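Student: Got a structure for you, questions after.
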Amino acid sequence: MKKFNLLSPLCVLFLFISCDTSNKSVGLSNWSDDGKVYKWHLGTENAVNVAVNVDKAMQERDYNQLRNFLSDSVSITTSNGVNYDLDSFITRRLEVDSIVDSRNATLEWEFSNVYSVDLDPSRGGEHVSVTYLGRYEDENGKNTWNSINRYYVIEGKVVWWNTFNQDIIDSENK
């Protein structure tokens, strides 16, 4: 019985030590500013929250609030390759909002996935990926697409933002 009492705590301790996944990493990337190859680590909830807040500000068309989550030197590249700085992006969004409103159209989207990964947790900066389903509809018809926004977040601010889109072909209207 004494052996059992001594072995039980040791087994439990071994289980806790062997189940530690806090330092787990996977894959590889040389997508770093120092050119080294790193493995991906899970990011933080803080970086995910930045992406959620960017989405909320965009949904509400609150571009003053959006500024709180984008760095002053942010670089934004849209799916057609056009690059914007912060002010030109907001100017373009106001133009798009005006066009949508003048056509009495709807432009909406919802995200289905948001996650953050980090190449080197000791250095700061996280890669956040957000997957969306987008819809546009006006009197001439509708369009749907999948979209992926990739943000690089440092200290609570997006420093670059890339968007990739894929049209969804409606099989009934081919």
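The values are calculated or read from the model by the stated rules, or taken from the named source; none is laboratory data. No experiment lies behind these values; they were computed from the predicted model shown. Glycine gets a Cβ as well: all are built from the backbone with ideal geometry, and neighbour counts include every protein chain shown.
Student: Which ones in segment 23-38 are of a type outside the set (Phe, Trp, Tyr) and surrounded by 14 or more Cβ atoms within 10 Å (Cβ to Cβ)?
Tutor: 25
Student: Oh, and also: If I filter segment 91-114 down to residues being modelled with pLDDT of 95 or more and of a type in the set (Ser, Thr, Tyr), which single residue comes out as farthest from residue 45 (Cα to Cα)?
Tutor: 102
Student: Does residue 143 satisfy the condition of being surrounded by 15 or more Cβ atoms within 10 Å (Cβ to Cβ), closer than 20 Å to residue 112 by Cβ and not basic (Lys, Arg)? Give the derivation first.
Tutor: On the way: surrounded by 15 or more Cβ atoms within 10 Å (Cβ to Cβ): no; closer than 20 Å to residue 112 by Cβ: yes; not basic (Lys, Arg): yes.
In short, no.
Student: Scanning for something under 21 Å from the mean Cα position of the chain (by Cα), crowded, with 16+ Cβ neighbours inside 10 Å, among the basic types (Lys, Arg) and at pLDDT 95 or above, does segment 129-140 turn up at least one residue?
Tutor: no
Student: For the subset of segment 73-92 comprising residues that are of a type in the set (D, E, K, R) and more than 19 Å from the chain's Cα centre (by Cα), which member is surrounded by the most Cβ atoms within 10 Å (Cβ to Cβ)?
Tutor: By that ranking, first place goes to 92.
Student: Does segment 153-169 include one or more residues that are farther than 30 Å from residue 40 by Cβ, at pLDDT 95 or above and not polar (S, T, N, Q)?
Tutor: We begin by selecting, within segment 153-169, every residue farther than 30 Å from residue 40 by Cβ; these are 169.
Next, only the ones that are at pLDDT 95 or above stay: none.
So far as segment 153-169 goes, no, none of its residues is farther than 30 Å from residue 40 by Cβ, at pLDDT 95 or above and not polar (S, T, N, Q).
Student: Within the set of pairs 6 or more residues apart or between chains, which connect a residue that is without any contact (Cβ under 8 Å) to a residue 40 or more places away in the chain inside segment 45-61 to a residue that is exposed (fewer than 14 other Cβ atoms within 10 Å of the Cβ) with Cβ atoms less than 6 Å apart?
Tutor: Partner pairs satisfying both residue conditions: 61/97.
Student: Here is a follow-up. Could you check segment 58-109 and list, in sequence order, the residues that are acidic (Asp, Glu) and farther than 19 Å from residue 140 by Cβ?
Tutor: 60, 62, 72, 85, 87, 95
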